[in-house]
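Okay, structure first, notes after.
The values are calculated or read from the model by the stated rules, or taken from the named source; none is laboratory data. Quick caveat, the model's predicted, so the values are computed rather than measured. Because the Cβ atoms are built from the backbone with ideal geometry, glycine has one as well, and the counts that use them run over all protein chains shown. Note: areas computed on protein heavy atoms with side chains; ligands, DNA, RNA excluded. Shrake-Rupley method; radii C 1.70, N 1.55, O 1.52, S 1.80 Å.
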Amino acid sequence: MQVPLLDLKREYQSLKAEIDGAVLDVMAATQYINGPQVKQFEEAAAKYCGCKYAIGVASGTDALLLSMRAVGVGPGTEVITTTFSFFATAGTIHNLGAKAVFVDIDEETFNVDVRQIEKRITPQTKAIMPVHLFGQCADMDAIMDIAARHNLIVIEDAAQAISAKYKGKMSGSIGHLGCFSFYPTKNLGAPGDGGMIVTNSDELNERLRRLKAHGANVKYFHEEVGYNSRLDTLHAAILLTKLPHLDGWSAARRNNAAYYNQRFAGSPLRMPRAADYAYHIYNQYTLRVDNRDGLRDHLKQQGIGFEIYYPAPLHLQKCFQYLGYRESDLPIAERSAKQVISIPIYPQLREDEREFVADTVLKFVS
Ligand SMILES: Cc1ncc(COP(=O)(O)O)c(C=O)c1O
């Protein structure tokens with residue numbers, strides 16, 4: 001049996017008629033840029049996330065970039081974030097001319113260790129950017145409390161966490177701004193790049209809409225230099241079709257996670273732990289195992305898909321050498337990078353497949 005890490009064909013087949021219909025509608029109307037589906041999706045997504053505004057942009061990376069730009073992150077400012085994330089979290093800070101200040105993670109949740117944030121605050125700190133890694137929210141109450149005491153902005157990198165909740169609140173809706181990615185492998189994926197920012201602030205909504213349209217409120221009259229960052233009509237139409245299915249898909253991922261947790265209980269594997277406050281939606285199901293590379297080779301031989309998210313923490317990336325971090329500065333993330341492995345968890349995974357995955361993993365560790 002071959003079990004891929006993710007098989008998007010199954011999702012497409014399950015919604016083929018609806019998706020094909022949405023695509024054909026866009027093609028027939030030919031309004032490929034800023035078509036009505038963009039606004040419809042923004043309204044539906046804002047409602048889903050429990051926020052006043054949702055702003056469609058070209059990618060999750062752009063969502064982070066525009067959000068930080070909108071709150072004044074730039075040269076001479078610092079942004080505190082986790083060192084254990086996808087590269088975009090830190091690359092966007094650098095690209096705005098600001099300094100990324102990395103914090104180690106909590107051993108249990110893979111998310112930023114909130115106890116280590118406050119000591120990294122300086123007079124230059126502008127924002128805190130927690131990442132809700134693998135589909136589980138960071139400890140947002142603690143982060144919002146620190147931010148309020150130091151007058152800082154909080155930008156949630158919720159790229160992997162649409163439909164996750166923190167104490168009942170939707171991911172992305174707790175900070176000043178929340179950023180999402182619709183990269184195809186995300187829980188809500190577009191057929192290409194796409195992203196979104198959510199906020200309750202009238203001011204930030206207005207600034208972001210200007211920034212994503214080359215800095216113009218009125219076409220061809222530019223108050224500032226912005227970007228070209230749009231969610232395509234075609235992508236919005238497909239996302240609109242998929243959104244009503246998102247909660248069901250998240251429930252199916254949680255069900256698969258519960259199955260693995262039960263199968264792996266008592267083994268030397270360390271399972272991903274959902275914090276008490278979290279509604280974890282398992283964009284990834286990530287195990288920790290000492291002989292990770294051995295398990296990786298074993299899964300490869302047995303035809304099971306996996307991925308290493310992430311093989312190196314951000315503070316040790318070559319491109320960030322100039323920031324002066326050294327090995328063992330942020331030890332939990334460094335150790336995690338050597339132990340983590342993510343296995344198939346997607347909603348359409350069949351019972352016989354997840355059983356085969358669990359059997360194969362257990363055969364290796366025992
Ligand atoms: C945590 C995190 N932040 C940011 C991004 C960037 O999103 P995108 O690939 O849509 O630019 C991703 C996903 O790729 C991500 O996983």
## Note on the structure
For Lys99, counting only lysines whose alpha-carbon sits under 18 Å away and dropping same-chain residues fewer than eight positions off, the answer is Lys119, Lys126, Lys318
### Query
So how do Tyr32, Tyr325, Tyr12 rank on accessible area, 1.4 Å probe, biggest first, that is with the largest at the start?
Tyr32, Tyr12, Tyr325
### Task
On each of the three principal axes of the Cα atoms of the stretch 257-310, give max minus min coordinate, whole Å, ordered largest first.
37, 24, 19
### Projected label distance in nm at Asn34 and Leu15, using a 7 Å step from Cα toward the beta-carbon
2.6
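DSSP loop (so not H, G, I, E, B), at most 11 other Cβ within 10 Å: list which trypsin sites (Lys or Arg not before Pro) in the stretch 177-227 pass both filters. Could the numbers behind the result be given before it?
On the way: sites: Lys186, Arg207, Arg209, Arg210, Lys212, Lys219; in loops: Lys186, Lys212, Lys219.
Answer in residue order: Lys219.
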### Query
Going by a ≥ b ≥ c, the root eigenvalues of the Cα gyration tensor, does the stretch 77-124 fall in the rounded group (a/c under 1.5), the prolate group (a/b larger than b/c) or the oblate group?
oblate
### Query
Leaving out ligands, DNA and RNA, what percent of the accessible area of the stretch 159-316 is carbon and sulfur, probe 1.4 Å?
49
### Query
How much accessible area per residue does the stretch 246-365 have, in Å², with a 1.4 Å probe?
46
### Amide H within-cut-off set for Arg230, under 5 Å, with H built and near neighbours excluded
Ala58
#### Entry: Inter-part distance where the stretch 71-87 and the stretch 265-328 are each reduced to a Cα centre, Å
22
### Task
Report, in deg cm²/dmol and to the nearest 500, the calculated mean residue ellipticity at 222 nm for the chain, where each DSSP H run with n ≥ 4 adds -39500 (n - 2.57) and the sum is divided by the residue count.
-11500 deg cm²/dmol
